[in-house]
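The values are calculated or read from the model by the stated rules, or taken from the named source; none is laboratory data. Fair warning: this is a prediction, and the values are worked out from it, not measured in the lab. Cβ coordinates were reconstructed from backbone atoms using ideal geometry, including for glycine residues, and neighbour counts include every protein chain displayed.
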Amino acid sequence: MNINSIKGYIEKTWDDSVIPALKECIKIPALSPIFNKEWESSGLLLEITTLARNWCLDLGLKNTNIQIINNKNRTPALLIEVGAYQTTDTDSILIYGHLDKQPESVGWDENKGPWTPVIEDDKLYGRGGADDCYAVFMAMTAIKALQTNDIPHKKCVLLIETAEESGSFDLEHYLDTYQDAFAQTGLIICLDSGCKDFERLWLTTSLRGAVVGQLKIQILKENIHSGNSGMVASSFRILRQLLDRIEDAKTGEIRIEEFHTQIPTHRLEQIKKTEKLLKQAAADAIPLVQGARLAYENPFEQIISYTWKPALSYTAIEGMPSFSQAGNVIRPTTNILLSLRIPPNLNPENAVKKLKTVLENEPPYGARVSLENLGYLPGWDMPQMPLWLDEKIGQAATDFFNHPLAYSGEGGSIPFMSLLAKKFPKAHFMVTGILGPRSNAHGPNEFIHIPYAKKLTCAISQIIRA
Ligand SMILES: [Zn+2]
């Protein structure tokens, strides 16, 4: 196999065709349904799906069926079946991506914006480019590179949805309704994850789950003069007491034993192997202010802390006015939105129940305390990968990245992974992606690292070869 001709084809296709198409994708504010209640009448999800469909049609892959699934009251999806090429291998590969986007966010650089594609220093900026519009273009380009070079490949089925950022609520419906297309799935490639640097091919080995809920505390019927302070506990102080039940404020350790898990030995070994690579990666990835440091000095502890340990974030607060609106009062309520990340293999339903009991039991000062609107995202731990696949991916890593394959857990969640694991119990998984240091998928200045995306396309082409 001629590595250079694959590489040459893929780099040229990215420059001539993929980047222009991704620029058009970035211009479409195709917010995920939960961020745009008018998603159906606005037609933006269908518009971006149609754009991708037309691009795929123009690519002219052999023996390929491309269709938009647009069922009533469902988000649209793109289903592409590319028949096996020059092989009788019946095993097929399911490739996942999504085209819906997170909201705009704030803090974009002056010359950039969510819906304005800008290329700077080999990076394509704009909302939704790296999360996750590139996936369909990358997968199709990888397949086309093989056909162009007359290299056999397995059957590939692409399922590109438009509700991922809303919890993939239609995914199970697509998988069930079009199950014939997925019947022979032996490998699932999920192109919606991250990489810890832009030097190596990274495989995501685990994802944490999450439990979210609104903690509401009420002590008074209405605002009262803060001259009464001391006699009445503030709802904020009650909040602090309740949070102390869960989190050690000094160390960030989660105090509830049920939220912890035994880390599998093979994962610990993997972490030890990549510890050195990740030390630099962590320092590069987190935009700390001058003089600040991470919660752990030791790289091993750092990795464990965001991949296998539970951790609490406070993502919104209500019941407090802004500085300019504040009076000298004791406020009646403090409500806070909690997001508890949980280890990959922890049962999220049990975690929800436990969190509710711990917070609502015996409220301080008899205050009204409730944990409401609870939800959860399941975690995922990659099943053991067979040696042949590990070697195939490893070969692609050395061929195109000049480094051995690297492994890493992710601290976030990809909710549909547990659904795919359930639907395809015998399939193997390759979870990877282009969200690297500062790619900022849900924040400002989201970007695609173009050279990395090209290399990953080359690697994907090798993995789908027959
Ligand atoms: Zn995504």
Out of all the residues in the stretch 145-166, which are in a loop (DSSP other than H, G, I, E, B) and either touching a strand residue (DSSP E or B) at 6+ places or on another chain (Cβ under 7 Å) or more than 15 Å from the ligand (Cβ to nearest atom) (or both)? 149, 150, 151, 152, 154, 162
Do the conditions hold for residue 233, that is, is it more than 20 Å from residue 326 (Cβ to Cβ) and of a type in the set (A, V, I, L, M)? no
Members of the stretch 312-338 found to be crowded, with 16+ Cβ neighbours inside 10 Å, closer than 18 Å to residue 219 by Cα and under 33 Å from the mean Cα position of the chain (by Cα), listed by number: 319, 334, 335, 336
Odd one out for residue 409, checked against (1) more than 16 Å from the ligand (Cβ to nearest atom); (2) within 30 Å of residue 243 (Cα to Cα); (3) assigned to a loop (DSSP other than H, G, I, E, B): (3)
Expected single match for in the same structural domain as residue 32 (by TED's automatic domain parsing), out of contact with any His (no Cβ under 7 Å at 6 or more places or on another chain) and without any contact (Cβ under 8 Å) to a residue 60 or more places away in the chain among 121, 109 is 121
Tell me which residues, restricted to the stretch 373-428, are among the aliphatic types (A, V, I, L, M), under 17 Å from residue 349 (Cα atoms) and crowded, with 18+ Cβ neighbours inside 10 Å. 377, 414, 417
Of all residues making up the stretch 84-102, the number that are over 16 Å from residue 187 (Cβ atoms) and in a loop (DSSP other than H, G, I, E, B): 5
How many residues, within the stretch 103-124, are under 18 Å from residue 31 (Cβ atoms) and not in a loop (DSSP other than H, G, I, E, B)? 2
Does the stretch 223-237 include one or more residues that are touching a helix residue (DSSP H, G or I) at 6+ places or on another chain (Cβ under 8 Å) and surrounded by 22 or more Cβ atoms within 10 Å (Cβ to Cβ)? no
Could you list, in sequence order, the residues of the stretch 167-207 that are part of a strand (DSSP E or B), in contact with a Lys or Arg (Cβ under 9 Å, 6 or more places away or on another chain) and away from the ligand (no atom under 16 Å from the Cβ)? 185, 186, 187, 205, 206
Pairing a residue in the stretch 4-24 that is of a type in the set (Lys, Arg) with any residue that is outside any helix (DSSP H, G or I), where Cβ atoms lie under 6 Å and the two sit 6 or more apart in sequence or on different chains, gives 23/117
For the stretch 444-456, check the following and say yes or no: at least one residue is surrounded by 19 or more Cβ atoms within 10 Å (Cβ to Cβ) and on the phi > 0 side of the Ramachandran plot. yes
